[in-house]
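Notes follow once the structure below has been shown.
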Amino acid sequence: MKANQTVKIVYGGLFIALTAIGANITAIMPFLVVGGVPITLQTFFAVLAGLVLGSRLGAFTMFGYMLIGLAGAPVFAQFSGGAANLLSPTFGFIISFIIVAYICGKLVEYKQTKSMYIVASLFGMLFIYVFGTNWLYMAYKLWFQAPEGFHYGIAWLWMIVPLPKDIALALVAGVFAYRLDAILMMQKVRSQS
């Protein structure tokens, strides 16, 4: 039991690190910022955390990622960190990662088929877009300086650029998590026999 807890902690830490690395891919490729929204791999790792770690540990891991960033560690996009990010127009995406990891985990805990992993991934990606884009719009309208001519349609137009990448990565996450789960189950059966 104690070894199992240690493995879970290691996996959680690994996903926090992967999400931080995925958040900062724009540091290497700065042209991947559209309308102030960086194109990152955070969505991929948030969905994958739920699929691989399960609902509770996946959500807790993404919550840990958020807390580490709010505490000041430069783990958010463009190596940002600190409590000021709470007011960022893109902070809704970070909040959505917690919810999505939980939802994706719950869906595959309910039914462990390849199609469910893919559906969970695509639904998770869709949820991140809806939640994050609505937060972005509200932030620009209520407490952040909106660009000239900004309206709800513009917020969604900005999301078109990373959308194909995130759809493809959601499919990859679903298939990868399903195969990983199958491999881990086979190893578990072998170790018990």
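Structure data summary
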| item | result |
| --- | --- |
| Residue that is modelled with the highest pLDDT [pool: residues in the stretch 78-92 that are on the phi > 0 side of the Ramachandran plot and part of a helix (DSSP H, G or I)] | 79 |
| Selection from the stretch 147-187 of residues that are outside any helix (DSSP H, G or I) and β-branched (Val, Ile, Thr) | 161 |
| Verdict on residue 190 being more than 26 Å from residue 56 (Cα to Cα), more than 13 Å from the chain's Cα centre (by Cα) and in a helix (DSSP H, G or I) | yes |
| Residue check, residue 167 in contact (Cβ under 8 Å) with a residue 12 or more places away in the chain and β-branched (Val, Ile, Thr) | yes |
| Residue in the stretch 74-82 that is small (Gly, Ala, Ser) and without any contact (Cβ under 8 Å) to a residue 12 or more places away in the chain present | yes |
| When residues of the stretch 108-151 are limited to those that are among the charged types (D, E, K, R) and surrounded by 14 or more Cβ atoms within 10 Å (Cβ to Cβ), the one farthest from residue 87 (Cα to Cα) | 114 |
| Breaking point among (1) more than 30 Å from residue 145 (Cβ to Cβ); (2) of a type outside the set (Lys, Arg); (3) modelled with pLDDT of 95 or more, for residue 100 | (1) |
| Only one of 129, 102, 117 that is farther than 24 Å from residue 179 by Cα, touching a helix residue (DSSP H, G or I) at 6+ places or on another chain (Cβ under 9 Å) and in a helix (DSSP H, G or I) | 129 |
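The values are calculated or read from the model by the stated rules, or taken from the named source; none is laboratory data. Remember, predicted model here, so these are calculated numbers, not experimental data. Glycine gets a Cβ as well: all are built from the backbone with ideal geometry, and neighbour counts include every protein chain shown.
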